[in-house]
1. From the list Leu392, Leu402, exactly one residue is in contact (Cβ under 8 Å) with a residue 12 or more places away in the chain, within 22 Å of Gly306 (Cα to Cα) and not charged (D, E, K, R). Which is it?
2. Give segment 146-179 a look and list any residue that's surrounded by fewer than 19 Cβ atoms within 10 Å (Cβ to Cβ) and assigned to a helix (DSSP H, G or I), or say none.
3. For segment 218-229, state whether one or more residues are at pLDDT below 90 and touching a Phe, Trp or Tyr at 6+ places or on another chain (Cβ under 8 Å).
4. Report, by residue number, each residue of segment 336-386 that is without any contact (Cβ under 8 Å) to a residue 60 or more places away in the chain, part of a helix (DSSP H, G or I) and within 24 Å of Thr313 (Cα to Cα).
5. Could you check, for segment 281-293, whether at least one of its residues is part of a loop (DSSP other than H, G, I, E, B), within 20 Å of Val169 (Cβ to Cβ) and open to solvent by 30 Å² or more (accessible area, probe 1.4 Å)?
6. Being in a helix (DSSP H, G or I), modelled with pLDDT of 90 or more, closer than 15 Å to Leu105 by Cβ and under 22 Å from the mean Cα position of the chain (by Cα), is that true of even one residue in segment 310-325?
Amino acid sequence: MLVANRACIVVAALQLVLVSLLLTIFIDAGSKKRLSLSGSPLVPLVECNPYAIPGTLDRNHIWKPLFEPMKQSSICNPRLLSDNLAILKNQTAPLPSYLKNKLILLVGDSFDRKLVEDLCAHAGIKVKLSSLNGTIWATNGYMGSTTICTIKRGPYSFVLLSVFHFGVVDGAKGAWSMPKHWHVNYSPPLLKDRIQWLPYMLKSIARELFPSFCPTSNGTIDSTKCPAPVFETKRNDSTPHRKKMIPNPPFWNNEQNPFWFPVPNLIVAQSSVWDLKVMNQTHDGIADWARQLSSDMISPLTTLFGSIIKDVTFEANGEIHWFPSFLVRTTPLVNPTQKNQKYKNLWIHAMNNVLRSGALWRADSERNWGVLDWDQVTTGFNSWKDGLHPGLESNKAYLQMLLVRLEELEFASP
């Protein structure tokens, strides 16, 4: 018992040292303030933008930044945030401007897929499934299918879309070993390659699943930009999938570059659960994971979408206020009684602290990412679907925070 207690103390001490080092990295990086053309420093607007910097959001929408003191702005007028889940559930309520023809892209795993499923169930509609190559599943798909929830109100739609991946540590291992989650005919296994397919998938499925996004010509959908969908009703698993060829996306060779596709308004990405399966669960393993997260997820998404998805910034009182449209999220802790030893809250907590600490920020970067703290906002619900995935109430809490992000972007400018 004494040995076990000493081991726990050592682990806790090492974890504290890791977080302290990460905080030091962040503070050192943060001391090199970015300047605007006018020479004024970039200062996140804490009161109106609770997701621009690492911190936590309680159920009363009170933002608590991790780093104090934070400079307070005199131009922020706190506003009552809407109950967006109630708006989306009410089938007669019009979509507010910040949800009209808006698309949130989630790049994640089954946590994000179940989030999309819960939103559709809440709104009383069915989710749709597609493959990453743009095939729309008319009946069954597979567990790694893209999951889409389209909520329509009159001529407008709100879309929450989740794209599945197998982590950044060893995505190929996860894909090849899990045929129920991945089918080689329809997508590549590695995240950095899957990211490159996203514009082609969005273009392929838009006409069928969210046609209000499509360009029109003389009052009708422009079929050159929004092509007819391709449906499939059954996966062909007759050949062992390891021997099949990974295809190119349907528009890879015959499209001009750049070409039209529905551009997401907000991107939230994460990589944790699949990585926990294969990573070295040590502090060195967490450090390696953070490096791969930056190189294989954050960097490719920023390169692909960074020039077309804009953050909201404005200058006031000599400060530039920043509202990011790219965010990483933390992962809710699992039920401590669940028996899968790959998913230990100790290491989920360590991964979350890396994101909260700002260790992935770069002071010289033209595009940094904000943080959505799903774990913190669901603390205390003690609600799980199966011991691993958060329960309905936990998902609703996070959905409210996610939808509020669009609302904040809409009303960011004074």
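The values are calculated or read from the model by the stated rules, or taken from the named source; none is laboratory data. What you see is a predicted model, and the numbers here were worked out from it, not measured in a lab. Cβ placement follows ideal geometry from the backbone for every residue including glycine, while neighbour counts extend to all protein chains displayed. With ligands, DNA and RNA removed, areas are computed over all heavy atoms of the protein, side chains included. Shrake-Rupley method; radii C 1.70, N 1.55, O 1.52, S 1.80 Å.
1. From the options Leu392, Leu402, the qualifying one is Leu402.
2. Ala172, Lys173, Trp176, Ser177 - these are the residues of segment 146-179 that are surrounded by fewer than 19 Cβ atoms within 10 Å (Cβ to Cβ) and assigned to a helix (DSSP H, G or I).
3. yes
4. None - no residue of segment 336-386 is without any contact (Cβ under 8 Å) to a residue 60 or more places away in the chain, part of a helix (DSSP H, G or I) and within 24 Å of Thr313 (Cα to Cα), so the list stays empty.
5. Looking for residues that are part of a loop (DSSP other than H, G, I, E, B), within 20 Å of Val169 (Cβ to Cβ) and open to solvent by 30 Å² or more (accessible area, probe 1.4 Å), one finds at least one in segment 281-293, hence yes.
6. Checked segment 310-325: no residue is in a helix (DSSP H, G or I), modelled with pLDDT of 90 or more, closer than 15 Å to Leu105 by Cβ and under 22 Å from the mean Cα position of the chain (by Cα).
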